[in-house]
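Any read-out appearing in this document is the output of simple, stated calculations on the displayed coordinates, not a laboratory observation. Values in this document were obtained by computation on a predicted structure and should not be read as measured data.
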Amino acid sequence: MPNVDPGRTVTFVAFDLHAELAAGLRDAPGAWRFIKRFAARYATPVGDDDGVGELRLAAAEARLGFAIPGALRDAYALIGERDDLTRQQDQLLTPEEIRVDDTGQVLIFRIECQHVAEWGIPLRDPPGEAGMRDGRVRDLPAVAEPDPPVVFRLPHAGREERAWQRMGVGPGFVGRRHDRGTPGVARRLADGRHSLTRSFVRRAARPFSSTR
């Protein structure tokens, strides 16, 4: 359960989790609306001081040498300081912590609390896919998308698991315990392209999917 700040007033609002989740997984505006409404119903409303300021975001971009993807920037600006919505088991890295991985291929933005798994945004298309020409990187297609795809790896596992993989039902998704509880919610959380905004919706909703 997300932690409720005792210094804030909890506002109870009408909230149909199934319907709200369906809308929240549809697109980026729906995702941010879901998170705001979810927080107002189950935790504390999102406030103006819950986001990361522009100076910190600009400093992170200067350090990285490229712009933070739009959806990640929006998430930081909206809820970057809300640990209850972004840092339960899987930890959203701060703007000062996000980094390019050791292969130079992925921007890491989230880690599992014991560093069992890492999640990131591809900086380059792999050979043979769009964005490549003569085996060389033409641009930064994924990281430049407004709502880019997410990849993950298990950095301390075997060789195959250490490689970056496109998201499917795996680390960070609703597990069997949740499937038994409310299969409709669990199915919505696991289905579809795992984009950056979807990853924030899933992290916010997951603690409640077995009981609501």
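Structure notes:
- Residue-wise HN-Hα coupling along the range 110-124, computed from phi with Karplus coefficients 6.51, -1.76, 1.60 (Hz; x: Gly, Pro): 8, 10, 6, 4, 9, 6, 6, 9, 10, 10, x, 10, x, 8, 9
- Residues whose amide H comes within less than 5 Å of that of Val100, counting only those at least five positions distant or on another chain, are Ile108 (H built at 1.01 Å from N in the peptide plane).
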